[in-house]
1. Can you tell me which of 58-71, 76-89 comes out highest on packing, and rank the rest after it, using the mean Cβ neighbours within 10 Å?
2. When only the heavy atoms of the protein chains count and the probe is 1.4 Å, how do Tyr57, Tyr106 rank by accessible area, highest first?
3. What does the net charge come to around Val49 if you take all other residues with beta carbon closer than 12 Å to its beta carbon, with K and R at +1 and D and E at -1?
4. Provide the gained length on full extension for the span Ser83 to Ile51, in nm with one decimal, where the gain is 0.36 nm per separating residue minus the Cα-Cα distance.
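The values are calculated or read from the model by the stated rules, or taken from the named source; none is laboratory data. Keep in mind it's a predicted model, so treat the numbers as computed, not measured. Cβ placement follows ideal geometry from the backbone for every residue including glycine, while neighbour counts extend to all protein chains displayed. All accessible areas refer to the heavy atoms of the entire protein, side chains included, with ligands and DNA or RNA removed. Shrake-Rupley method; radii C 1.70, N 1.55, O 1.52, S 1.80 Å.
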Amino acid sequence: MKKWIDAIKNKLKATHRYWIYGGVSICLLFILSFASATHSSINCRSVDVLITDENEYHFVSQKEILNTLTNQGTEQIVGFPISGIQLKNIENTLLQNSFISSAEAYINMKG
């Protein structure tokens with residue numbers, strides 16, 4: 001009789017564990033989908049340009065980089081939805097300048 005009761009308890013514990021894992025998984029999926037939807041509706045708020053060794057080498061300036069990215073000011077980045085910003089294209093555009101050896105474009109959660 002005790003073995004039978006222990007077997008039922010073990011089955012209930014396993015079932016209870018699956019319900020907990022399932023509930024946690026559903027909550028995580030909900031949170032991630034909400035964060036993704038919120039992130040895609042954010043507009044770009046600013047563009048920060050960081051040039052390493054800027055004081056030592058004066059081959060390219062922040063203004064030149066911003067002009068390149070905005071097609072000489074005819075295209076806007078600030079105010080544009082971040083979901084439509086193609087980071088790889090930005091990096092490739094910058095790398096076309098022979099004075100730029102590497103480029104890293106990224107978006108943070110603030111836009």
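1. Averaged packing, sorted descending, gives the order 58-71, 76-89.
2. The residues order as Tyr106, Tyr57, largest area first.
3. Taking every Cβ under 12 Å from that of Val49, the sum is -3.
4. So the extension gain works out to 9.0 nm.
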